[in-house]
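The next block holds one structure in the form of structure tokens; read it before the comments.
The values are calculated or read from the model by the stated rules, or taken from the named source; none is laboratory data. For clarity, every value in this text was computed on a predicted model and none was experimentally measured. Virtual Cβ from ideal backbone geometry, glycine too; neighbours counted across all protein chains shown.
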Amino acid sequence: MAGLVRFGVSMEGELLAAFDELLRKRGYRNRSEALRDLVREALHAQAWEEGGEVLGVIVLLYEHTRRELLARLTEAQHHAQAQVLASLHIHLDADHCLEVIAVRGRAEAVRALADRLRAEKGVKLGRLCPAGTRGPF
Ligand code: NI
């Protein structure tokens with residue numbers, strides 16, 4: 001792979017054994033790929049903490065029969081500081097919809113949109129999943 005740099009890592013045998021067990025459970029074939037993923041995870045978490053440019057996925061479960069709710073959810077997305085990239089709407093049953101919304105923007109703006117959406121009356125579940133950063137990882 002281009003640009004790969006090798007480096008040595010020292011750690012206690014017990015810690016390494018626990019790490020190897022974790023890799024086995026998660027299906028990794030080697031330590032390098034597992035380490036790269038752990039580093040990426042830490043970098044993404046740090047970007048979220050520092051309010052950097054991030055990607056997020058907002059999951060909403062709501063009662064579409066609730067008066068004006070759909071209009072309020074749409075309004076909130078149109079006026080958000082964060083950019084809505086795409087959304088997927090699933091008509092779950094007679095009363096409920098599931099919506100999956102991919103969002104990009106500053107971490108605070110993405111959080112603010114998720115908070116506003118889930119605070120609406122009729123939204124039964126609102127989750128924000130940090131989905132990474134725009135960094136070169
Ligand atoms: Ni629906």
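Being surrounded by 14 or more Cβ atoms within 10 Å (Cβ to Cβ) and either within 15 Å of the ligand (Cβ to nearest atom) or in the same structural domain as ARG127 (by TED's automatic domain parsing) (or both) holds for only one residue in ILE90, ILE101, and it is ILE101. Right, GLY51: surrounded by 10 or more Cβ atoms within 10 Å (Cβ to Cβ) and in contact (Cβ under 8 Å) with a residue 60 or more places away in the chain or not? Answer is no for this residue.
In region 34-53, which residues are of a type in the set (Asp, Glu) and under 15 Å from ALA107 (Cα atoms)? Selection gives GLU49, GLU50, GLU53. Among residues of region 38-70 being aliphatic (A, V, I, L, M) and within 15 Å of the ligand (Cβ to nearest atom), the one that is farthest from GLN81 (Cα to Cα) is LEU61.
So, ALA45, is that one assigned to a loop (DSSP other than H, G, I, E, B) and surrounded by fewer than 16 Cβ atoms within 10 Å (Cβ to Cβ) or not? Spelling it out, it is not the case that ALA45 is assigned to a loop (DSSP other than H, G, I, E, B) and surrounded by fewer than 16 Cβ atoms within 10 Å (Cβ to Cβ). Give the residue that is modelled with the lowest pLDDT, with candidates limited to residues of region 121-136 that are closer than 24 Å to TRP48 by Cα and more than 13 Å from the chain's Cα centre (by Cα). Selected residue: PRO136.
For first residues located in region 90-118 and closer than 13 Å to LEU55 by Cβ, partners that are surrounded by 15 or more Cβ atoms within 10 Å (Cβ to Cβ) and among the polar types (S, T, N, Q) and lie 6+ apart or on another chain with Cβ distances below 6 Å form the pairs ILE101/SER87. Could you go through region 90-98 and let me know if any residue there is under 24 Å from ALA42 (Cβ atoms) and modelled with pLDDT of 95 or more. Scanning region 90-98 turns up no residue that is under 24 Å from ALA42 (Cβ atoms) and modelled with pLDDT of 95 or more.
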